[in-house]
Amino acid sequence: MPRTTRKILVSNAAFRRPDLIKFLRTEGASINVGEAKGLSPLSKWLIMSNIEKYSDRVDITDNVIIKVLGRINRPGSPREVIKSWLVTRLFDSTPRSKEEGKEHLFVGRIKNATDLTETKLLLEEDEKATGVHANRAFLEAAQFFAAADVHNAYLKFDEMRRALLAGEFVGPHTQGAMSLRPLEEFSKALDQAKTQKSPRDPITFPGGQFAEKKPIVVIGVDPVYHERYAARMVETANGVVNINFHVCNPEALKPITADNVRYSFESNPAAKSPYYASMRFLALRQILQTYEAPVITLDADSAMRGEVPLLFGMMDNFDVALNTSRDGRGVMPWRYINAQVVGANPCEAAYGFLTNFEAQFDYLMAQDGKVTWYVDQALLMSSLLLTKERAPETRFLVRGLSKLSGTRQSKV
């Protein structure tokens, strides 16, 4: 290992050698060696760590990052990734505002006014010198979003998106901007969808109703993820909850037979990873209407802890429950809502929220011909905002839900 990297390890004791090796073997494969040549050890470390994964570290300060950026004297992807990450580090969440209409939004504050000023200057100088302006738009959008000015925020996020489409570098966490549009544009798409037939076929339920009435957990998978995770989930859920596995392209599926297991199927030969992440929300309205019972959706790598999730006991008072981030990532609409846990009741209010999600997803597919990572979380956020405007009587629970889900997560 190069001596300069070893010095970084010594000066940052919390960052261990196995962590660096892991990132070099995983994230490092996607780094262009030519781009990284000549960068400082700290810059290389930030890139290899996929930028945001150590965002809570306190021993690498914003001022240090700004100085590092000043030493990278050419535009290009490493510089742009670090700058976009820096924008999120400028903000911290604050207790939610109690003002009418603001209780469901990310409300943030600037951690340090000097850092904000220096970052703005850096972005403005770069824009004058190179024409690169996605991160300047990102910072302005984040300021609007932290102030709960969502309509202006989405206009600025759209400016950021168009800059990225024009060829500026899309970082690992900024690609969520591709799933945003101005809220007025999304609102028009919702109106248009009322007179259009959905491009997606109805899902099927081959197994009928559950044998016993229990809380229902919904998990979206393809046959590969079903093979990897389903047996563990079924084992830990036995006697606790019913499980509906929503499976895309089930031809190779090896179903599990159990009283507390049912399946719903859909076919989408063009499905890719971002679709798999979103499909449980696209199917959820039909699932609710079929079982006529509250449900919680979970990630495929979840396992129960042997207890009925506390969230089910709270759903009598809410139509939709959404999980939130509580740090500076919340200034990104595609990161404020965390899709890991979502709850919904079988009621018209929840159906309206999910119909809004479906319509926006179909609109993005029609516009772009594809969807990208974070589309699920981006559209959960915009669906929240649009539903609050169009159906303010909808009862939302918006908070951290992980501890209420009765689950743990681990990859296999």
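The values are calculated or read from the model by the stated rules, or taken from the named source; none is laboratory data. This is a predicted model, so every value here is computed, not measured. Neighbour counts run over all protein chains shown; Cβ positions are idealised from the backbone, glycine included.
For the stretch 244-263, which residues satisfy the criterion of being within 21 Å of Ala303 (Cβ to Cβ) and surrounded by fewer than 22 Cβ atoms within 10 Å (Cβ to Cβ)?
Those that are within 21 Å of Ala303 (Cβ to Cβ) and surrounded by fewer than 22 Cβ atoms within 10 Å (Cβ to Cβ): Leu253, Lys254, Pro255, Ile256, Thr257, Ala258, Asp259, Asn260, Val261, Tyr263.
Which is part of a helix (DSSP H, G or I) and β-branched (Val, Ile, Thr), of Thr372, Thr355? Talk me through it step by step, then tell me what you get.
Numbers: Thr372 fails: part of a helix (DSSP H, G or I).
It is Thr355.
For residues that are farther than 30 Å from Thr387 by Cα, surrounded by 17 or more Cβ atoms within 10 Å (Cβ to Cβ) and of a type in the set (D, E, K, R), tally how many sit in the stretch 101-147.
Qualifying residue count, the stretch 101-147: 3.
Failed condition for Val241, given (1) crowded, with 20+ Cβ neighbours inside 10 Å; (2) under 23 Å from Glu358 (Cα atoms), with all others met?
Status for Val241: all satisfied but (2).
The rows are residues; the columns are (1) under 18 Å from Arg232 (Cβ atoms); (2) in contact with a Phe, Trp or Tyr (Cβ under 7 Å, 6 or more places away or on another chain).
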| residue | (1), (2) |
| --- | --- |
| Pro294 | no, yes |
| Asp301 | yes, yes |
| Gly306 | yes, no |
| Pro309 | yes, no |
| Phe318 | no, yes |
| Ser325 | no, yes |
| Met332 | no, no |
| Ala339 | no, no |
| Gly343 | no, no |
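Can you spot a residue in the stretch 293-302 that is buried (at least 22 other Cβ atoms within 10 Å of the Cβ), in contact with a helix residue (DSSP H, G or I) (Cβ under 6 Å, 6 or more places away or on another chain) and among the hydroxyl-bearing types (Ser, Thr, Tyr)?
Within the stretch 293-302 (the criterion being buried (at least 22 other Cβ atoms within 10 Å of the Cβ), in contact with a helix residue (DSSP H, G or I) (Cβ under 6 Å, 6 or more places away or on another chain) and among the hydroxyl-bearing types (Ser, Thr, Tyr)), the answer is yes, since at least one residue qualifies.
A quick yes/no check of all residues on (1) more than 19 Å from the chain's Cα centre (by Cα); (2) not hydrophobic (A, V, I, L, M, F, W, C):
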{"residue": "Tyr276", "(1), (2)": "no, yes"}
{"residue": "Phe281", "(1), (2)": "no, no"}
{"residue": "Pro294", "(1), (2)": "yes, yes"}
{"residue": "Asp301", "(1), (2)": "no, yes"}
{"residue": "Leu310", "(1), (2)": "yes, no"}
{"residue": "Leu322", "(1), (2)": "no, no"}
{"residue": "Val331", "(1), (2)": "no, no"}
{"residue": "Ala350", "(1), (2)": "yes, no"}
{"residue": "Phe361", "(1), (2)": "no, no"}
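Just the residues that are surrounded by 23 or more Cβ atoms within 10 Å (Cβ to Cβ) and either out of contact with any His (no Cβ under 9 Å at 6 or more places or on another chain) or not charged (D, E, K, R) (or both), please, taken from the stretch 265-285.
First pass over the stretch 265-285, keeping only residues surrounded by 23 or more Cβ atoms within 10 Å (Cβ to Cβ): 278-284.
Of everything in the stretch 265-285, those that are surrounded by 23 or more Cβ atoms within 10 Å (Cβ to Cβ) and either out of contact with any His (no Cβ under 9 Å at 6 or more places or on another chain) or not charged (D, E, K, R) (or both) turn out to be Ser278, Met279, Phe281, Leu282, Ala283, Leu284.
Just to confirm my filter: which strands (runs of 3 or more DSSP E) fall fully inside the stretch 221-339 and include at least 2 residues that are modelled with pLDDT of 95 or more and not aliphatic (A, V, I, L, M)?
242-248, 261-266
Of all the residues that make up the stretch 304-324, how many are surrounded by fewer than 19 Cβ atoms within 10 Å (Cβ to Cβ) and among the hydrophobic types (A, V, I, L, M, F, W, C)?
Residues that pass the stated criteria total 3.
Answer yes or no as to whether Ser402 is within 18 Å of the chain's Cα centre (by Cα), farther than 26 Å from Met178 by Cα and not aromatic (Phe, Trp, Tyr). Before the answer, list the steps.
On the way: within 18 Å of the chain's Cα centre (by Cα): yes; farther than 26 Å from Met178 by Cα: yes; not aromatic (Phe, Trp, Tyr): yes.
Answer is yes for this residue.
I'm told Gln409 meets every condition in (1) touching a strand residue (DSSP E or B) at 6+ places or on another chain (Cβ under 6 Å); (2) under 20 Å from Val170 (Cβ atoms) except one. Can you identify the failing condition by its number?
Looking at each condition in turn, Gln409 falls short on (2).
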